[in-house]
């Protein structure tokens, strides 16, 4: 599994790209990789827990409109759940 954090670099563009972020056919949501996702509070970014191969996750993150249009910077960290709902 992977924890993806999105740090907004151009917050003014997020709302205009939001629908494309969710519906992008090459993105994490449409590829079925998302196990959990949400925005941060305060609204400075978001996080996603993705389940897939490293290659699938990297491709989906690179295709995300927030990332492609420079509105957010993504950080991807692999982890192995040992406790909780995803273990």
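None of the figures in this text is laboratory data; all of them are computed from the coordinates on show. If you're wondering where the values come from, they're calculated on a predicted model, not measured in any experiment. Neighbour counts run over all protein chains shown; Cβ positions are idealised from the backbone, glycine included.
Some observations on this one:
- Qualifying positions in the range 33-54 - within 19 Å of residue 81 (Cα to Cα) and more than 11 Å from the chain's Cα centre (by Cα): 51, 52, 53, 54
Table: residues versus (1) surrounded by 13 or more Cβ atoms within 10 Å (Cβ to Cβ); (2) in contact with a helix residue (DSSP H, G or I) (Cβ under 7 Å, 6 or more places away or on another chain).
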site	(1), (2)
21	yes, yes
30	yes, yes
39	yes, no
45	yes, no
53	no, no
72	yes, yes
75	no, no
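- Exactly one residue among 64, 51 is over 18 Å from residue 23 (Cβ atoms), touching a strand residue (DSSP E or B) at 6+ places or on another chain (Cβ under 8 Å) and without any contact (Cβ under 8 Å) to a residue 60 or more places away in the chain, and that residue is 51.
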